[in-house]
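In what follows, a structure is listed as structure tokens, so that the remarks can point back to it.
The values are calculated or read from the model by the stated rules, or taken from the named source; none is laboratory data. All of these numbers come straight from a predicted model, not from anything done at the bench. Cβ placement follows ideal geometry from the backbone for every residue including glycine, while neighbour counts extend to all protein chains displayed. Remember, those area values only see protein heavy atoms, side chains included, never the ligands or the DNA or RNA. Shrake-Rupley method; radii C 1.70, N 1.55, O 1.52, S 1.80 Å.
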Amino acid sequence: MKVSALLRKPPTVRLRITGLVLVPLAGLLALWVYAVVGAAEQVGDARQEQAADAGVRTPVTAVVDALQSERRAAAAFLAEPDETHTRALGDAVTASRTAAARLLLPGGRTVADTAGLPALATSRMNALTAALDNLAALRDRVTSGGAPWPAAYRGYTSAIEAALRTESALDGGPQLRLAVELAWAGEHLARQDALLTAAAWSGEFAPDQREQFAAAAAARQALQLTATADLTGPPRDAWRELAGGGALAALAGAERRAAASGVTAAEEPGEDGGTGARGRREPDTGEVTGGEWEQAAAPVRQGLAEVEQALRESVRRSGPGGPLAALTRPAGAAALLGLALIGVTLALTVRAGRSLVRDLAGLRTAALDIARRKLPGAMRALRAGQPVDVSAEAPELPPAPDEIGQVHDALATLHRAALRATAERAELAGGIARAYVSLARRSQALVNRQLALIDEMERHTAEPAALDELFRLDHLTTRMRRQAESLIILSGAASGRSWSHPVVMTSVVQAAVGEIEDYRRVAVPVLPDAALAGHVVADLTHLLAELLENATRFSPPHTWVRVSGERTGSDTFGYALRIEDSGLGMPPAELERANRRIRRPDCLDLLETDRLGLFVVGRLAARHGVRVELRPAPGSGVAALVLLPAGLVAAPVEPGPVRSGTVPSA
């Protein structure tokens, strides 16, 4: 019996989580994630490398080759601009422009923008396209004969360097870096070729050109040594074939002779059997002819290109061929195996998972129902003075068999405790409010009797000094009555005063002015013809008095507080009153807090006793649909805007004069 009861007991949350997640999935998930990440990285690297090679390296390499040929053709053209060299330069320019066009895409983009390259490669590609754009002006100067050879050499070399720097910035492995170094070596050999071509056809090898030639030769030899030291496989075989054939030694000898004695064009006799055009003469002893240089440089140029191509082909063959090829590797196989094991585990645990999800969803629904509907509704009812049955709102639940049910019980217990605490607080607040209202009513009755007695004394007193003292006492008593009414309003009761007929707006404002201490500072003009409904006269008078009190209290004593009013013509709000002071104003954050107190008078904060007047204003405004808003006044100070609903504004009447602090009664 005990064993069967134990078996029927629902498993705990901890046991469910351990059985569903920790035991079967911890190791498998780690293995699968590792395998998937490895396979994805291999596939991603392969795709990015293929995209970079096909979309960027190939066109950039074509640009380098085309610019090197154009630079050599420009050297020959500037030295001797005959028809042959002109045609050769035109063909080279066309080839360069065709190669450069492959770098551009519609919309001002380049091929680097679609290959997912690093930011450095993209920026260098932009620099390359800018250099190619600048090369157009140099071409015009070259073809017109206005560019000297040193300027043309610098311009073409700068563009080629930008292209090689772009290729250097592409992300690749050690083999690709070696290929780039060999490309730089080929560029230095091309610089030597261009320098010697210019010297051969011009018949002059200037000292600065000799220095450039020697520097290019030294750089090429250094790059060859560093780049070829780490070659393996087919690239190493290609380099050994080049180095073992004597081509490097022949090139080195031609470089020494050219640097020491210069270079001349190949012999081309003229029609009369003598010396031909400029630069075509018999070479001096030690000079290198153009044909000799080309015979020495061509094998090295071709060999470097073959080694570079072998490096790139080696990288393509060694990289993963795509997603299917990656899956055949250990990381891909582990990813497939892990995925299969995880699928089997999930299939076995789905039944228990559904039960757990169902229980948690029920707990969530219950918690949201309490938080969003039951508890707020009960609190609103308690604040409104309606009775709430705690047992019906949060009934006792039977003992729960598992942790989720126990959490549900704890939530219900918390709900009952919150309801009891709210009911006790509402009962206490109601008792306090009733006590305040009772005390305020008593004070209000005494104040009204005192006002009646003062009125009678004023009518029977003729002495000016005594009459002035009675007027001051009348004003003080009127302010006392307003304070008592404020306590009644904050307690949620009505003030007790009302009028049976409309009262002109000017009289209402003057009565409000009479209920504040510093009434002499308030300037009240004759307002436009309008009257206020009698049942709201007392509350609006009190509301305006609170706003006027704030205006006089928070502005310098030598300044005026101005009241203005006008009809709005709106169907919603029929009349607007504006109370404006000349004080220091309020910061925007404090002004927003004050408006929030007016808009939400139910959120009374008894700790902010210096702002209770704003809560009184908010209670009175909410009672009659009046809109009150505090705004910055022009210049300085604060302006209070009071918008009266159209239903409260009546046609003007003739009620007779109104004394400060009083309004004609029914």
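Of note:
- Boolean, V504 is at pLDDT 85 or above and in contact with a helix residue (DSSP H, G or I) (Cβ under 9 Å, 6 or more places away or on another chain): no
- In the stretch 98-119, the residues that are closer than 11 Å to V56 by Cα and in a loop (DSSP other than H, G, I, E, B) reach residues that are at pLDDT below 80 and open to solvent by 80 Å² or more (accessible area, probe 1.4 Å) with C-beta atoms within less than 8 angstrom, at least six apart or across chains, in these pairs: L117/D171.
- Note on the stretch 167-196: among residues that are open to solvent by less than 20 Å² (accessible area, probe 1.4 Å) and of a type in the set (D, E, K, R), the one that is farthest from F213 (Cα to Cα) is E167.
- Answer from E41, E70 - the residue that is modelled with pLDDT of 80 or more and of a type in the set (D, E): E70
- Of all residues in the stretch 177-198, one or more are touching a Ser or Thr at 6+ places or on another chain (Cβ under 6 Å) and either within 15 Å of V64 (Cβ to Cβ) or part of a helix (DSSP H, G or I) (or both).
- Within the stretch 613-640, being outside any helix (DSSP H, G or I) and among the small types (G, A, S) holds for G625, A633, G635, S636, G637, A639, A640.
- Meets criteria (at pLDDT 80 or above, out of contact with any Lys or Arg (no Cβ under 9 Å at 6 or more places or on another chain), on the phi < 0 side of the Ramachandran plot and among the polar types (S, T, N, Q)) for S158: yes
- Taken as a whole, the condition of being open to solvent by 30 Å² or more (accessible area, probe 1.4 Å), modelled with pLDDT of 85 or more and of a type in the set (D, E) applies to D91.
- Lone qualifier among G90, G186, G146, G173 - being within 28 Å of L231 (Cβ to Cβ) and over 41 Å from the mean Cα position of the chain (by Cα): G186
- Residue in the stretch 230-239 that is touching a Lys or Arg at 6+ places or on another chain (Cβ under 9 Å), more than 20 Å from Q68 (Cβ to Cβ) and hydroxyl-bearing (S, T, Y) present: no
- Among the candidates S582, S564, S507, residue that is touching an Asp or Glu at 6+ places or on another chain (Cβ under 8 Å) and either surrounded by fewer than 16 Cβ atoms within 10 Å (Cβ to Cβ) or touching a residue at least 12 places away in the same chain (Cβ under 8 Å) (or both): S564
- Qualifying residue in the stretch 216-226 (condition: farther than 20 Å from E161 by Cα and either modelled with pLDDT under 85 or surrounded by fewer than 16 Cβ atoms within 10 Å (Cβ to Cβ) (or both)): yes
- Residue within the stretch 130-148 that is farther than 15 Å from A169 by Cα, at pLDDT below 80, open to solvent by 20 Å² or more (accessible area, probe 1.4 Å) and touching a Pro at 6+ places or on another chain (Cβ under 7 Å) present: yes
- The set of residues in the stretch 393-409 being under 11 Å from A366 (Cβ atoms), modelled with pLDDT of 70 or more and surrounded by fewer than 16 Cβ atoms within 10 Å (Cβ to Cβ) consists of D409 alone.
- Filtering the stretch 115-142 to residues that are in contact with a Leu (Cβ under 7 Å, 6 or more places away or on another chain) and among the hydroxyl-bearing types (S, T, Y) leaves only T129.
- Tally, over the stretch 363-392, of residues that are at pLDDT 75 or above and open to solvent by 90 Å² or more (accessible area, probe 1.4 Å): 3
- Residue satisfying all of: in the stretch 564-616; polar (S, T, N, Q) and within 19 Å of G635 (Cβ to Cβ); modelled with the lowest pLDDT among these: S582
- Filtering the stretch 216-235 to residues that are in a helix (DSSP H, G or I) and within 15 Å of R317 (Cβ to Cβ) leaves G233, P234, P235.
- Residue match in the stretch 263-272 (condition: more than 22 Å from F77 (Cβ to Cβ) and either at pLDDT 80 or above or open to solvent by less than 40 Å² (accessible area, probe 1.4 Å) (or both)): no
- The stretch 111-122, residues that are within 11 Å of L170 (Cα to Cα) and open to solvent by less than 60 Å² (accessible area, probe 1.4 Å): A112, A115, G116, L117, P118, A121, T122
- Within the stretch 370-381, residues that are touching a residue at least 40 places away in the same chain (Cβ under 8 Å) sit with their Cβ atoms under 9 Å from residues that are open to solvent by 60 Å² or more (accessible area, probe 1.4 Å), at 6+ positions apart or across chains, in these pairs: I370/L414; K374/E393; L375/E393; A378/E393.
- Only one of the numbered conditions (1) out of contact with any Gly (no Cβ under 7 Å at 6 or more places or on another chain); (2) open to solvent by less than 20 Å² (accessible area, probe 1.4 Å) is violated by T232, and that is (2).
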